[in-house]
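Taking it in order: structure first as structure tokens, then the write-up.
The values are calculated or read from the model by the stated rules, or taken from the named source; none is laboratory data. Note that the coordinates shown come from a computational prediction; the quantities given were computed from them, not determined experimentally. All Cβ positions, even for glycine, are placed from backbone atoms using ideal geometry, and neighbour counts span all protein chains on display. Note: areas computed on protein heavy atoms with side chains; ligands, DNA, RNA excluded. Shrake-Rupley method; radii C 1.70, N 1.55, O 1.52, S 1.80 Å.
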Amino acid sequence: QVQLVESGGGLVQPGGSLRLSCAAPGIIFRLYVMGWYRQAPGNQRELVATLSSLGSTIYEKYADSVKGRFTISTDNAKNTVTLQMNSLKPEDTAVYYCNAAKRPLYGTENYWGQGTQVTVSS
């Protein structure tokens, strides 16, 4: 049973930064698309960023609203996925979820973390 555990959320002022981390024990990153999603009150869950690898090539995808401000990365040694968030805006306020979606070639497993709250407010 895979359990993704997010950490690093909190309250930050507009323009500030936060670093979210997702512990992903048992996940072999090359078999999965790793991602961060968010859900604000009254809204659907939306993609923030995803990362996958094919051989030595890394593929990153970002929502237009976070391009240039957020960066997703993985640490193979620690089996963690990180979302570095800079220049935060009030509209970034949401619960952020870590996701591991197995690439279709390898299976259909799909795992979610419990979420971590990010609040951007002065």
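Quick one: count up the residues across the range 37-55 that are closer than 21 Å to Thr93 by Cα, in contact with an Asp or Glu (Cβ under 9 Å, 6 or more places away or on another chain) and not aliphatic (A, V, I, L, M).
Total meeting the criteria: 4.
For Met34, indicate whether it is under 15 Å from Thr119 (Cα atoms) and hydrophobic (A, V, I, L, M, F, W, C).
For Met34, the condition - under 15 Å from Thr119 (Cα atoms) and hydrophobic (A, V, I, L, M, F, W, C) - is not met.
Looking only at residues in the range 83-122 that are among the aromatic types (Phe, Trp, Tyr) and at pLDDT 95 or above, which one is most open to solvent (accessible area, probe 1.4 Å)?
Trp112
Tally time: how many residues in the range 1-23 are hydrophobic (A, V, I, L, M, F, W, C), open to solvent by 60 Å² or more (accessible area, probe 1.4 Å) and under 13 Å from Pro90 (Cα atoms)? Full working, then the answer.
We begin by selecting, within the range 1-23, every residue hydrophobic (A, V, I, L, M, F, W, C); these are 2, 4-5, 11-12, 18, 20, 22-23.
Imposing the further condition that a residue be open to solvent by 60 Å² or more (accessible area, probe 1.4 Å) reduces the set to 5, 11.
Going one step further and asking which of them are under 13 Å from Pro90 (Cα atoms), we end up with 11.
Number of matching residues: 1.
Quick one: which strands (runs of 3 or more DSSP E) sit completely within the range 1-108 and have at least 1 residues that are over 26 Å from Val120 (Cα atoms) and in contact (Cβ under 8 Å) with a residue 24 or more places away in the chain? Walk me through how you get there before you give the answer.
Values: elements: 5-7, 10-12, 18-23, 32-39, 46-54, 57-62, 70-75, 80-85, 94-102.
Because the criterion is at least 1 residues that are over 26 Å from Val120 (Cα atoms) and in contact (Cβ under 8 Å) with a residue 24 or more places away in the chain, the strands (runs of 3 or more DSSP E) in the range 1-108 that meet it are 32-39, 46-54, 94-102.
For Thr119, work out the one condition from (1) in contact (Cβ under 8 Å) with a residue 24 or more places away in the chain; (2) assigned to a loop (DSSP other than H, G, I, E, B); (3) over 26 Å from Gly26 (Cβ atoms) it doesn't fulfil.
In the conditions (1) in contact (Cβ under 8 Å) with a residue 24 or more places away in the chain; (2) assigned to a loop (DSSP other than H, G, I, E, B); (3) over 26 Å from Gly26 (Cβ atoms), Thr119 misses (2) alone.
Of the residues in the range 51-62, how many are open to solvent by 20 Å² or more (accessible area, probe 1.4 Å) and either under 13 Å from the mean Cα position of the chain (by Cα) or hydrophobic (A, V, I, L, M, F, W, C) (or both)?
Count: 6.
Could you grab me the full set of residues in the range 66-82 that are out of contact with any Phe, Trp or Tyr (no Cβ under 7 Å at 6 or more places or on another chain) and either open to solvent by 50 Å² or more (accessible area, probe 1.4 Å) or under 14 Å from Arg45 (Cβ atoms) (or both)?
Result: Lys67, Gly68, Thr71, Asp75, Ala77, Lys78.
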